[in-house]
1. Which residue, Lys205, Lys232, Lys147, tops the fluctuation ranking in a GNM of the chain built on C-alpha contacts under 10 Å?
2. Counting other C-beta atoms within 10 Å, and keeping those with at most 16, which DSSP coil trypsin sites (Lys or Arg not before Pro) do you find in the range 49-128?
3. Return one number: the angle in degrees, 0 to 90 and rounded to the nearest 10, between the long axis of the Cα atoms of helix 253-274 and the longest principal axis of the Cα atoms of the chain.
4. Lys163 label point, 7 Å along Cα→Cβ, cut-off 15 Å on backbone N: hits in the range 199-231?
5. So what's the angle, to the nearest 10 degrees on a 0 to 90 scale, between helix 306-320 and the longest Cα principal axis of the chain?
6. From the Cα gyration tensor of the range 210-340, with a ≥ b ≥ c the square roots of its eigenvalues, which class applies: rounded if a/c is under 1.5, or else prolate if a/b is larger than b/c, or else oblate?
7. If contacts are Cα pairs under 8 angstrom and at least 6 residues apart, what is the relative contact order of the chain in percent?
8. Report the Cα centroid-to-centroid distance between the range 55-100 and the range 288-318 in angstrom, as an integer.
Amino acid sequence: MERRIIHVDMDAFFASVEVMDNKTLKGKPVIVGGTSERGVVSTCSYEARAYGVHSAMPIFMAKERCPHGVFLPVRYGRYKDISKKVFDILEEVSNIIEPLSIDEAYIEITSSKFEPIEAAKYIKNRVKTELGLTISVGISYNKFLAKLASDWNKPDGIMEITKEMMPEILFPLPISKVYGLGVKSVQKLNNIGVFKVHELYKLPKELFSYYFGKFGNEIYDRIRGIDNRPVKISHERKSIGKETTLKHNTNNINELRTYLENFSREISYLLSQRELSGRTITIKYKTWDFKSHTRSKTLNTYINSYEDIFNESFNILTEENIEEDLRLIGLSISSLKENTMYQMRLF
Ligand code: TTP
Ligand code: MG
């Protein structure tokens with residue numbers, strides 16, 4: 001069966017988060033990076049890219065190219081929080097997700113109930129309405145082409161590359177667009193007069209091993225639209241959690257209980273989506289004066305139901321005997337493992 005793979009990549013990620021957090025920056029050239037003169041650009045808004053600013057460029061150079069740009073420091077923790085929310089949305093579409101970086105992932109939806117275009121639109125829509133950000137989405141029958149597709153009409157892009165579109169779509173591209181060809185390989189090929197994929201396509205197979213060593217065959221296949229690399233599920237996300245700043249500071253147990261009920265419901269849903277259970281429950285809270293506390297409890301059995309998660313978390317909370325008003329509360333579950341028939345309850 002032909003595979004169906006989606007590649008997603010947030011647009012100008014760090015810079016877009018900064019603009020979302022400060023609407024007055026909208027439409028301006030925003031440059032996020034090291035703040036010292038010796039720092040480099042992490043990323044910049046598309047407005048700043050129009051001035052030739054790009055990732056990894058020294059800040060002093062960015063200032064020369066775009067003197068009226070808004071230069072901001074990196075707030076990694078904030079981007080990480082948003083990234084987690086993006087991955088929560090992706091998990092609603094499929095639980096076969098391979099994260100590539102903080103803002104990028106492959107999603108395999110071959111046996112999902114979603115049609116690819118439907119899934120792509122769903123992701124874009126949720127990211128836009130829930131997080132206020134744009135994400136570019138590519139769809140194809142393998143990883144290489146899905147990634148190429150997400151890059152096709154960035155920002156806020158959506159693109160599907162079908163078998164029928166091959167090889168017309170690949171042939172006119174510069175060889176630098178071929179995954180696996182680094183700067184050095186591209187240079188070597190340019191030196192022998194090979195610039196476009198259609199020129200590379202004409203070379204005999206033996207030359208591929210000569211130029212790219214053990215990756216030769218893969219690259220030979222890739223420019224023919226063949227890429228059998230699987231989407232590898234990552235076990236990197238070792239916890240699933242929710243937290244929120246309270247509407248008003250309080251230590252009223254009934255109000256706090258409602259928060260835990262809502263978190264437990266959401267967490268249980270996310271666990272069921274990913275067919276996971278966990279056995280460490282952690283409550284996090286911040287008191288009115290911003291002091292942070294966490295309390296964990298590891299159980300003997302794995303749980304995933306709303307009732308179990310709520311009961312365990314509420315017990316931890318009551319044992320805390322909180323006297324001061326809280327400004328934030330959070331709940332997470334960790335020590336995760338995949339559900340098996342063996343663990344499922346019979347009654
Ligand atoms: P990218 O996805 O490469 O870039 P981007 O999201 O900013 O822009 P695009 O619309 O082209 O996808 O990287 C994601 C984030 O990773 C980026 O926002 C900042 C960070 N990053 C660095 O810190 N240094 C780098 O050199 C690059 C490339 C990215
Ligand atoms: Mg990106």
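1. In this elastic network of the chain, the residue with the biggest mean-square fluctuation among Lys205, Lys232, Lys147 is Lys205.
2. Values: sites: Arg49, Lys63, Arg65, Arg75, Arg78, Lys80, Lys84, Lys85, Lys113, Lys121, Lys124, Arg126, Lys128; in loops: Arg75, Lys113.
Of the trypsin sites (Lys or Arg not before Pro), the ones in loops of the range 49-128 whose Cβ has at most 16 other Cβ atoms within 10 Å are Arg75, Lys113.
3. Taking the Cα atoms of the chain, the angle to 253-274 is about 40 degrees.
4. Taking a point 7 Å out along Cα→Cβ of Lys163, the residues of the range 199-231 whose backbone N falls under 15 Å are 224-228.
5. 60 degrees
6. Working: a/c = 3.50, a/b = 2.47, b/c = 1.42.
Prolate, since a/c reaches 1.5 and a/b exceeds b/c.
7. Working: 613 pairs, mean separation 50.6, N = 347.
Once divided by the residue count of the chain, the mean separation gives 15 percent.
8. 31 Å
A short reminder: the numbers here are calculations on the coordinates, not readings from a lab. Please read these numbers as outputs of a predicted model, since none were measured by experiment. Cβ coordinates were reconstructed from backbone atoms using ideal geometry, including for glycine residues, and neighbour counts include every protein chain displayed.
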